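So the structure is just underneath, and the comments pick up after that.
Read-outs: derived from the displayed coordinates by stated rules, not from any lab. A quick note: this is a predicted structure, and the numbers were derived from the prediction, not measured. Counting neighbours? That spans all protein chains shown, and the Cβs are built from the backbone with ideal geometry, glycine included.
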């Protein structure tokens with residue numbers, strides 16, 4: 001999506017409306033899991049499937065030098 005296309009899309013809404021960024025997705029992550037055991041293997045590296053569905057917070061809009069892309073930074 002270009003900046004122009006995004007502006008055109010947003011211009012159809014009330015300028016006082018709040019913008020929310022909803023993200024839903026599944027991905028794998030490598031994490032350290034802690035187990036309630038009485039031996040030396042209380043921590044173990046595991047791969048888990050993560051299901052995420054929540055609202056992200058707008059952080060910033062910027063452009064990196066010499067690139068033709070604008071970045072919208074979101075945080076959770």
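A simple spin-label model places the labels of residue 2 and residue 74 2.3 nm from each other, with each point 7 Å out along Cα-to-Cβ.
How long are the semi-axes of the equivalent ellipsoid of the chain, taking √(5λ) for every eigenvalue λ of the Cα gyration tensor, in whole Å from largest down? Don't jump to the answer; show the numbers that get you there.
Working: eigenvalues 321, 54, 22 Å².
They are 40, 16, 11 Å, listed largest first.
Counting neighbouring beta carbons within 10 Å and listing from fewest to most, the residues 43, 18 come out as 18, 43. Per residue, the chain reaches -3000 deg cm²/dmol at 222 nm when only DSSP H runs of four or more residues are counted, each adding -39500 (n - 2.57).
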